[in-house]
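Only one structure is covered here, and it is reproduced in the block below.
The values are calculated or read from the model by the stated rules, or taken from the named source; none is laboratory data. All figures in this text were calculated on a predicted structure; none of them were measured in a lab. Every residue, glycine as well, gets a Cβ built from its backbone with ideal geometry; the counts of neighbours run over all protein chains shown. To get the accessible areas, we keep the full protein, side chains included, count just its heavy atoms, and leave off ligands, DNA and RNA. Shrake-Rupley method; radii C 1.70, N 1.55, O 1.52, S 1.80 Å.
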Protein chains: 4
Amino acid sequence: MKQLTYGMVGGGPGAFIGDAHRKAVSLDRSADLVAGCFSSDPEKSKQQGKNLGIDPERCYANYLEMAEKESQREDGIDFVVIVTPNNTHYEIAKKFLESGINVSCDKPVVTDLEQARDLQETAREHDCLFMVTYTYTGHLTAKYIRELIRTGEIGEVRTVMAEYPQGWLYNENDCGGKQGAWRCDPKQSGRVNCLGDLGTHVENIVSMMTGLKIKKLLAKLDVVVPGRVLDDNDQVLVEYESGATGIYWTSQFAIGCDNSLRIRIFGSKGTISWFQEEPEQIILIREDGIQQVIKRGYGVIPEQVAKYGRLPAGHTEGWIEAMGNLYDNFTDCLQAKKEGKFNPSMIDFQTIDAGVEGLEFIEACLESNVNGNKWVTL
Amino acid sequence: MKQLTYGMVGGGPGAFIGDAHRKAVSLDRSADLVAGCFSSDPEKSKQQGKNLGIDPERCYANYLEMAEKESQREDGIDFVVIVTPNNTHYEIAKKFLESGINVSCDKPVVTDLEQARDLQETAREHDCLFMVTYTYTGHLTAKYIRELIRTGEIGEVRTVMAEYPQGWLYNENDCGGKQGAWRCDPKQSGRVNCLGDLGTHVENIVSMMTGLKIKKLLAKLDVVVPGRVLDDNDQVLVEYESGATGIYWTSQFAIGCDNSLRIRIFGSKGTISWFQEEPEQIILIREDGIQQVIKRGYGVIPEQVAKYGRLPAGHTEGWIEAMGNLYDNFTDCLQAKKEGKFNPSMIDFQTIDAGVEGLEFIEACLESNVNGNKWVTL
Amino acid sequence: MKQLTYGMVGGGPGAFIGDAHRKAVSLDRSADLVAGCFSSDPEKSKQQGKNLGIDPERCYANYLEMAEKESQREDGIDFVVIVTPNNTHYEIAKKFLESGINVSCDKPVVTDLEQARDLQETAREHDCLFMVTYTYTGHLTAKYIRELIRTGEIGEVRTVMAEYPQGWLYNENDCGGKQGAWRCDPKQSGRVNCLGDLGTHVENIVSMMTGLKIKKLLAKLDVVVPGRVLDDNDQVLVEYESGATGIYWTSQFAIGCDNSLRIRIFGSKGTISWFQEEPEQIILIREDGIQQVIKRGYGVIPEQVAKYGRLPAGHTEGWIEAMGNLYDNFTDCLQAKKEGKFNPSMIDFQTIDAGVEGLEFIEACLESNVNGNKWVTL
Amino acid sequence: MKQLTYGMVGGGPGAFIGDAHRKAVSLDRSADLVAGCFSSDPEKSKQQGKNLGIDPERCYANYLEMAEKESQREDGIDFVVIVTPNNTHYEIAKKFLESGINVSCDKPVVTDLEQARDLQETAREHDCLFMVTYTYTGHLTAKYIRELIRTGEIGEVRTVMAEYPQGWLYNENDCGGKQGAWRCDPKQSGRVNCLGDLGTHVENIVSMMTGLKIKKLLAKLDVVVPGRVLDDNDQVLVEYESGATGIYWTSQFAIGCDNSLRIRIFGSKGTISWFQEEPEQIILIREDGIQQVIKRGYGVIPEQVAKYGRLPAGHTEGWIEAMGNLYDNFTDCLQAKKEGKFNPSMIDFQTIDAGVEGLEFIEACLESNVNGNKWVTL
């Protein structure tokens, strides 16, 4: 049994993502929420703390105070979850790391490559674990795909088709409410919108599944819906170090696409297909061409992957379980660290290293785009 | 914010269903687990209590003691969750009701119609709420179907095709491990296996979705896999009071069917189709024949149904969320009751009345089967 | 190269099924159409003959004349295709058989068991081949399923779920135009509508795929849509000689079901699923639970089945090809017969024997239904 | 009734595509095959003519003789079907056009843009109709999509995702038999393989469905499978004159993809999705996000499109019917021309103009690819 506590920065009333992180942590009782700074408005923060049953003393007016006080308490939080807009991640994460507190931060981890590298360095210096919550890597099926590819089941990867279209911002008269407002606002979201929100997921999960490293890329970032300032449709050609190629497409105006992250990996001996909206299955095709639909719960899935399931096959698990899997492993590592038993091979979550790669990807795309869609080497 | 506590009977280490109930309750912080009698083995019960962070004083050696002590405490539990084998539900539920404690009990609620009626009466006498956890009725989509039919979207129902095949007990040399052992054992499971485990889900969810009452039925309960004693494949023809008809089929040896509850409802103006393994969508077909795939999160779903969703469309929810919805409404009702604001129209869960209907269904099937598959009037 | 000719009775202007048979025969140049009696109206018949490029001399005013004249010609037709309403099949087929002309006749072959047996006997006496055009048995995938079951790939069949719902007659104010009018009319269709049109397909294709013989059945034939006289929704429980069971369901008011013949066969070692509207694939599930989608054109399909394909995988074939396969084999047999090389093991089409079984099925269903849905032994 | 005859160049024994064209023409009796030059080997040609029942006098040793003799006969062929390898199309088509004979030619029509323009000019001069058999544009559903877009049902097109992967050439030790051999051979196939075989289909059908004209494109043509000389995986970014964008992807090593032409068109008010392997349906999504599956045979399809269907909904049509639709319209036009009633608005097939556009597309892709994947303006 793990005995860990955590605090949250962000996640005030009505904030979808903060609530989702809390549900994911509580699902498997990975840690208890005991502190927080839930809003930049101290009153709202207090109220949310009360709603969540937090000791009022540990509801802080700002994250600086929170980091300081929690790091001084004997029973201080084991980690902080940062679920604020992108442009504030850097300073908050930096402060907690410097206070010796482990960090879980939403993606894209920051808006600037230098910041990402600085956090990477800071985490190392202070011996902190830093998880970037790329939710979809938490799916058991994503981990299974990684195993299949690692063990050569589809031979050498030849090409990757990866896409992540959404449709919720298709309407020029509707910027997507609270969720959309900050994403479409360069001040809060950074230099990119769609690419940061969706493109980094694509870059990350392809990397996680295949182990391929991008050698160079060519990107076209378009602003399509009238009235938008940041990109809402991105096309990226990639070439990996192995010589394999790929196409990444992301969009925010693809009507009918709810959250349609789809990865298809074509190898010399087989093909794997995975769709986030049907996250409990993969399609594996070998040289005979037969589509094999393999689902969570089937005996063919190796134990180190199967252990991430909670329910029997056919009893559907979803997004919260995927996020829960991230926290399950993250807190396993933290507990081991606390007990002096940690070693890095235990890590099965995306770290700040993935965050850095995500920013490298964004920077390269921006550079390619501004230069007339030329190849940029990473 | 609700301020409720609960205890659990059953749900020891390794018990799938008890853990699932706990996850479902904690998902939305519907109530806090504070007491329990988790195993008939007192040592295991204590250990599980410790794992779950329960005050050792409230880890009980047996349910009788638990019911008595909790009913005497000022801060006693608001409700008990019963997740033991079917044959023990009756006496446990009865005891808690008599102690004035509300009950949530897994289905089929008991093994005998008289017991079900007795619990119904006991709950009424002691003014307790009694939820039977028919998980699948918790799906937002199931509730949406009920609304569509209520409001006449598919006209009058003409025929219903409902099935619930599973495959996990197909192998004559493998009785399904711990889960299967008690289900296949007449001593623990009662007079039926497949019909009680799966058939009652079918009977209940069709009733919940359509509002149709069964007038008469004709059943064939077969014992097919060599070595089995109880039914593992059931065919039931039904005729409803409205004159509509239906076929219910359940099986435990249908290889490739994980948990394949599927309901198709054919009306005079349209058809609705729902599949538990893709629980976030319904298929609605109107007179033009066009299949409309409607998913959780879409604007067309009315607010009183849509409120049961937690995540945006495309961020998958599953079985635990469905179960969580049951507890969400159950605890809303309990909180209201505590505050003197309850009224029965708030109930959006399956009560002991549904449990009684389930047993009436089972009894009628047994009678039909033993008499050469003749029609039996309910 | 086959050198065969045929004539047609029925199939006048606007008749869907006659045109479909002609397309199917011409698809593979199985035979040339050289004679006909296309309508009970001599003028229409002549006109259709002209449209089809038939020698006017061989456009007959009635089928009696046609049978007589063609049987006397040296270059007389090798076979006749009968595509008239059900109630006329018997006398027409009988006449051609007595004239020594082979017959292809639409199903249900006749409306009465005695007639079917008489045709069976007459064909035998006159040494004629008699094909009943159960179109769906022509699908390569249906033949593949037969092979899989024959060779034990799914072990012993335990239960069969077979259904054939259509929706085109759902509307009480629309009897389905020309196609529907005769089917709904007892005078032209016989004692059953849905059961004859759809139920016999189900009975036949299950028999063809599995080789199972029905021992007894229990049927409920309902007249549901207001204004109908004959059955439009049929439920049949069957028990095969092997002890396996099945449910057959057919309907004509199932909105959204175009032509939804679906067969699922559950065996002791696997499951096979087939859907007529996706006729180029089967789903095979073995004990590991993995769904295998196997399509026409894949190497795993044995040569004696694969030969029925015309195009590479992914180049879709459909209903006409299925019908074409019937004629391909029928004319192979006729050609062989002509050359004295025929032997019965060459037959891979449904003969009058299947027609007789179809009528036995109908008679048993009628008997069961009229007796309050009791079991009837075949 | 049309009274047309045709001849064929190519389509000898074992040639898949020639046989397919013949089946397509005969399906609806669009024309009669009466002449041919079926093989470069005169013996094989004769034999095939005999198989096909062609008058030996009209089985020619070479296409030059055929063009001359047929153009001199009073009952000479109305059109010729050219189904030889790509590199021979030009001279054959040119000869027949100069002889005043209408042409149907497989795609890509030639291997060189100048040739295409020359044929375009020649057809005009000799007042011949010239059909390029882009099979997939024959699907009723493709025509329906064109109507939906024309009439503004999905608003303005914003981006197009189009792909056509196949898997049959994935194996470095298997070049795809007779079909693959010439496609992989630069001498017979021209400067491109995958792009010519698959990419031109994509370019054409997107153009046909959307009416969009490509302004510029950026292409990456890769040779991936060891031992190949010509491209087998192509990525193309396109920008249309309207400002909309697109990605085209084609591949020949995508294991599990049989013939997976898939088009998704995202507009400002809706999305349309179409998949060639399920050619009888489209998916239409409007602003409410609901997927509408619309199938051939449904009342919502306008008559000028619906007329291309032969069978009721649910009675599957496929590839041959699509090709048949091309010939149906082509021969309607030829018949009208013969009767002096032709006008160009009758044309609903892809003409040599589409062939020219296909070559412009290929040339631009080649230029972009050789220049390091730069944008090329068309």
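Taking a label point 7 Å out from Cα toward Cβ, give me the nm distances from C:ASP112 to the same spot in the other copies, shortest first, one decimal.
Inter-copy label distances (nm, one decimal, shortest first): 5.8, 7.6, 9.4.
GNM on chain D, C-alpha springs below 10 Å: top fluctuator among D:GLN115, D:GLN350, D:GLN72?
Ranking D:GLN115, D:GLN350, D:GLN72 by mean-square fluctuation puts D:GLN72 first.
Using the crude model of +1 on Lys and Arg Cβ and -1 on Asp and Glu Cβ, and no other charge, please compute the dipole size for chain D relative to its Cα centre, in debye to 20.
I would put it at about 500 debye.
Per-residue mean of other chain beta-carbon atoms within 10 angstrom of the beta-carbon, peptide C:332-344?
0
Provide, for segment D:263-378, the number of lysine pairs with alpha carbons under 24 Å apart, each pair being eight or more places apart or on different chains.
5
For segment B:5-132, compute the number of Lys pairs whose alpha carbons are separated by less than 22 Å, excluding pairs fewer than 8 positions apart on the same chain.
Pairs that pass both the separation and distance tests number 12.
Taking a label point 7 Å out from Cα toward Cβ, give me the nm distances from C:GLY180 to the same spot in the other copies, shortest first, one decimal.
Result for C:GLY180, in nm, nearest copy first: 4.3, 4.8, 5.1.
Taking the DSSP beta bridges in the protein assembly as shown as the whole, what percent of them are antiparallel, to the nearest 5?
That works out to approximately 60 percent antiparallel.
So, in nm, how far is label A:GLU172 from label D:ASP185 when the simple model puts each one 7 Å beyond its Cα toward the Cβ?
Result: 5.5 nm between the two label points.
Where does helix A:63-72 land angle-wise versus the long Cα axis of chain A, in degrees 0 to 90, nearest 10?
Rounded to the nearest ten degrees, it is 70.
Name the most mobile residue of B:LYS216, B:LYS23, B:LYS178, meaning the one with the largest mean-square fluctuation, in a Gaussian network model of chain B with Cα contacts below 10 Å.
B:LYS178
What residues in segment D:310-326 lose 50 Å² or more of accessible surface when the other protein chains are added to their chain alone (1.4 Å probe)?
Listed by number, the residues meeting the 50 Å² cut-off are D:LEU311, D:GLY314, D:HIS315, D:THR316, D:TRP319, D:ILE320.
Rounded to the nearest 0.05, what FRET efficiency is calculated for A:SER242 and D:ASP41 with R0 set to 30 Å and r the Cβ-Cβ distance?
Between A:SER242 and D:ASP41 the formula returns 0.05.
Using label points projected 7 Å from each Cα along Cα→Cβ, tell me how many nm separate D:GLU339 and B:GLU367, to one decimal.
7.3
Let me have the 222 nm mean residue ellipticity of chain D computed from DSSP H runs of 4+ only, each contributing -39500 (n - 2.57), with the sum over all residues rounded to the nearest 500.
It comes out at -11000 deg cm²/dmol, rounded to the nearest 500.
When each copy gets a label point 7 Å from Cα toward the beta-carbon at D:VAL223, what are the spacings between them in nm, shortest first?
Spelled out, the distances from D:VAL223's label point are 4.3, 7.1, 7.5 nm.
Tell me the total accessible area that B and D bury against each other, 1.4 angstrom probe, in square angstrom rounded to 100.
Protein heavy atoms only, the B-D interface buries about 800 Å².
Calculate the length of the line joining the C-alpha centroid of segment B:88-163 to that of segment A:159-209, in whole Å.
Segment B:88-163 and segment A:159-209 have Cα centres spaced 43 Å from each other.
Between B:ASP75 and A:GLU65, how high is the FRET efficiency from 1/(1 + (r/R0)^6) when r is the Cβ-Cβ distance and R₀ = 35 Å? Nearest 0.05.
The pair B:ASP75/A:GLU65 has a calculated efficiency of 0.55.
Once Lys and Arg get +1 and Asp and Glu get -1 on their Cβ, which of B:LEU198, B:ILE263, B:GLN252 lies farthest toward the positive end of the dipole of chain B?
B:ILE263
Please give the per residue accessible area of chain B, computed with a probe of 1.4 Å over protein heavy atoms only, in Å².
On a per-residue basis, chain B sits at 34 Å².
How much of the accessible area of the protein assembly as shown, probe 1.4 Å, is carbon plus sulfur, in whole percent?
Of the solvent-accessible surface of the protein assembly as shown, carbon and sulfur hold 46 percent.
Mind checking the mean number of beta-carbon atoms from other chains within 10 Å of the Cβ atoms in A:281-291?
6
Taking every DSSP beta bridge that has both residues in chain C, what percent is antiparallel when rounded to the nearest 5?
If we restrict to bridges inside chain C, about 60 percent are antiparallel.
Smallest Cβ-to-axis distance in chain A, for the rotation taking A to C: which residue, how many Å?
Reported as residue, whole Å: A:GLN292, 3.
Looking at segment B:124-158, which residues lose a minimum of 30 Å² of accessible area between their chain alone and all protein chains in place, measuring with a 1.4 Å probe and not counting ligands or nucleic acids?
B:ARG158
If I model a spin label at C:ASP353 and C:VAL223 as a point 7 Å from the Cα along the Cα→Cβ vector, what separation in nanometres do I get?
3.7
If you place +1 on the Cβ of every Lys and Arg and -1 on the Cβ of every Asp and Glu, how big does the dipole about the Cα centre of the protein assembly as shown come out, in debye to the nearest 20?
So the dipole magnitude of the protein assembly as shown works out to roughly 0 debye.
For every other residue with a beta carbon closer than 12 angstrom to the beta carbon of C:VAL300, add +1 if it is Lys or Arg and -1 if Asp or Glu, then tell me the sum.
-2
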